[in-house]
Amino acid sequence: MSITWILVANASAAYLYANYGPKKGLQKLKEFRHDASREKRVDLVSDRPGHNRNNGNGRGSYVPATDPKQHEAQNFACRLARELEHGRTANSYHRLILVVSAPFIGLINNNLGSHVRNLVSDTFEKDYTRTSERNLARRLET
């Protein structure tokens with residue numbers, strides 16, 4: 001029996017489902033939340049930007065190299081990729097379907113190892129995190 005895992009995710013929530021064959025529906029395995037991705041940028045940084053002296057007469061403020069929201073999304077993508085890698089090494093699935101929101105799919109893909117990437121059979125750039133299991137199964141069948 002071929003087990004397919006389906007990851008449905010956006011930058012703040014993810015659901016991992018298993019499908020055990022045609023017409024068998026989906027079974028929710030895990031749910032992931034990343035509330036930091038929903039925070040305002042101001043709330044993600046611990047303090048105001050510092051100041052530094054420029055070569056000229058003026059001063060400049062320090063701008064972080066990475067946007068705090070982007071950093072949090074990257075952390076969440078790493079966490080999900082580790083979960084998928086763990087499932088692969090445990091032989092928990094044989095095929096993987098990614099249903100991930102358009103901006104977040106790139107972060108997921110960048111964090112997947114080559115072995116997991118080889119198991120990806122389909123990718124959908126959609127945000128179905130608020131779709132019920134029944135509707136999700138119906139959408140994936142077509």
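The values are calculated or read from the model by the stated rules, or taken from the named source; none is laboratory data. Predicted model, so just to flag it, every value in this text is computed and none were measured. Don't worry about glycine lacking a Cβ; one is built from the backbone with ideal geometry, like all the others, and counts go over all protein chains shown.
Within segment 27-41, work out how many residues are at pLDDT below 80, of a type in the set (D, E, K, R) and either surrounded by 13 or more Cβ atoms within 10 Å (Cβ to Cβ) or in a helix (DSSP H, G or I) (or both).
3
Which residues, taken from segment 113-139, are surrounded by 17 or more Cβ atoms within 10 Å (Cβ to Cβ) and in contact with an Asp or Glu (Cβ under 8 Å, 6 or more places away or on another chain)?
The answer is V116, and nothing else.
Would you mention how many residues in segment 13-36 are of a type in the set (A, V, I, L, M), over 19 Å from the mean Cα position of the chain (by Cα) and closer than 18 Å to R88 by Cβ?
Number satisfying all stated conditions: 0.
For segment 95-142, enumerate the residues that are β-branched (V, I, T), outside any loop (DSSP other than H, G, I, E, B) and without any contact (Cβ under 8 Å) to a residue 60 or more places away in the chain.
I105, V116, V120, T123
Can you tell me which residue among P22, P64 is within 21 Å of V99 (Cβ to Cβ) and at pLDDT below 95?
From the options P22, P64, the qualifying one is P22.
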